[in-house]
Amino acid sequence: MIIGVPKEIKNNEFRAGLVPVGVKVLVQDGHEVFVQSGLGLGIGISDKEYTDAGAQLLPSLEAVFEKCTLIIKVKEPQKRELDLLKTNHILYTYLHLAADKQLTEHLMSTGCTAIAYETIQEDNGSLPLLTPMSEVAGRMATQIGATYLQADQGGKGVLLGGVPGVRRARVTVIGCGIAGTNAIKMAMGMGADVTAIDLSTKRLAELDDLFENRITTLYSNPQNIEESVTRSDLVIGAVLVPGAKAPKLVTRSMISRMEKGSVVVDIAVDQGGCIETCHPTTHENPTFNIDDVIHYCVSNMPGAVPQTSTYALTNVTLKYARALAKFGAASALKQDHVLFKGLNIWKGKLVYLPIARDLNLPYSQVELE
């Protein structure tokens with residue numbers, strides 16, 4: 001297999017699809033690996049480190065797509081990349097299609113095969129390729145929220161952990177999967193008054209044990225969400241429905257009743273967001289205000305800590321990249337039902353039912369030859 005790793009072109013996205021050790025493993029497997037020159041500059045990895053690992057350099061994005069069959073990326077393809085995709089390409093990356101009909105239709109029109117990191121799912125329901133980025137985003141959400149609560153950032157001027165004699169900041173985390181749990185860990189570590197909201201009573205019991213009854217746990221219903229959100233200084237939305245749009249659980253009315261200078265961080269924004277007033281932002285312009293509440297809705301949060309994120313990502317993506325390269329897409333997908341769940345588009349046809357339902361697009365049964 002001829003494998004290509006282009007530089008990311010999304011706004012302020014410095015992560016790379018592979019680190020040199022990943023290249024080395026694939027080359028040892030007998031494949032050719034081409035990387036775009038400058039691929040690792042944003043994470044402190046030189047071209048020489050890639051070539052020493054066995055990669056060959058190509059000068060441009062266009063050259064990588066022209067030369068290679070298996071394209072390993074980090075984020076969903078941008079317009080320039082979409083125009084380079086062809087029927088022979090296997091695209092292996094985060095896609096988050098359920099929130100973007102235009103991207104999905106354009107991707108289908110290329111005739112390529114697209115495998116999404118975020119829908120590769122193990123039998124226990126876990127999402128192994130999403131987990132490390134959820135860990136990063138969850139931890140970042142709390143520290144970002146703490147920063148924007150500062151008065152110099154436009155916030156209400158509340159310290160997350162307070163000080164003796166002064167109340168701690170009130171933090172509500174909605175959705176207590178990987179991202180939400182990591183947000184809670186950070187908020188607890190910083191001394192905040194934390195409320196965790198989730199639909200699973202089993203998960204709430206686990207959190208109660210994990211944090212030794214030092215957090216408030218609430219079952220997810222409109223009344224509990226409203227009461228907790230409206231009294232919070234920081235709200236973190238971390239709701240995930242694998243491969244589908246996130247439900248809007250926090251309404252505009254709730255936001256309007258929060259105190260001036262409060263902050264919301266919507267980790268789920270790349271899946272449409274779980275806060276009604278949120279829309280995707282970039283690292284260049286990360287926030288906006290609605291009803292005097294600061295909204296942070298960057299759709300590639302882990303891109304702000306690309307060194308940590310890239311190494312964590314290669315740790316989990318390499319296994320399936322090796323299978324795709326060794327057996328080809330059809331055989332690899334047939335042999336591994338976990339990887340098969342990552343298949344979103346097969347030769348231009350949308351074959352992931354939740355996305356088809358969310359976007360009202362034609363769904364096709366997979367026919368692997």
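Quick notes on this one:
- Structure-based [θ]222 nm, the chain - -39500 (n - 2.57) summed over DSSP H runs of at least 4, per residue, nearest 500: -10500 deg cm²/dmol
- Between the C-alpha center of region 305-337 and that of region 101-120 there is a gap of 17 Å.
- Once the C-beta distance of S109 and H279 is scaled by a Förster radius of 35 Å, the resulting FRET efficiency is 0.90 to the nearest 0.05.
- Note on the chain: Kirkwood hydrodynamic radius from all Cα pairs is 21.3 Å, rounded to one decimal.
- Sites matching trypsin sites (Lys or Arg not before Pro) across region 109-198 that sit in DSSP coil, with at most 16 neighbouring C-beta atoms within 10 Å: R167
- Rounded to 5, the percent of DSSP beta bridges in region 135-304 classed as antiparallel: 20
- When you restrict to C-alpha pairs under 8 Å that are six or more residues apart and normalise by the size of the chain, the relative contact order lands at 19 percent.
- Our estimate of slack between K202 and R214, defined as 0.36 nm per intervening residue step minus the Cα-Cα distance, is 2.6 nm.
- Among 291-302, 274-285, the order from most to least packed when residues are scored by Cβ within 10 Å on average: 291-302, 274-285
- Here the relative contact order of region 135-304, from alpha carbon pairs under 8 Å that lie six or more residues apart, stands at 21 percent.
- Region 117-158: C-alpha gyration tensor shape, a/c 1.5 cut-off, then a/b vs b/c: prolate
- Global form of region 135-304, assessed from the alpha-carbon gyration tensor, a/c cut-off 1.5: rounded
- Region 185-280 shape via C-alpha gyration tensor axes, a/c threshold 1.5: oblate
Only the coordinates and a few stated rules stand behind these numbers; no lab work does. Please read these numbers as outputs of a predicted model, since none were measured by experiment. Virtual Cβ from ideal backbone geometry, glycine too; neighbours counted across all protein chains shown.
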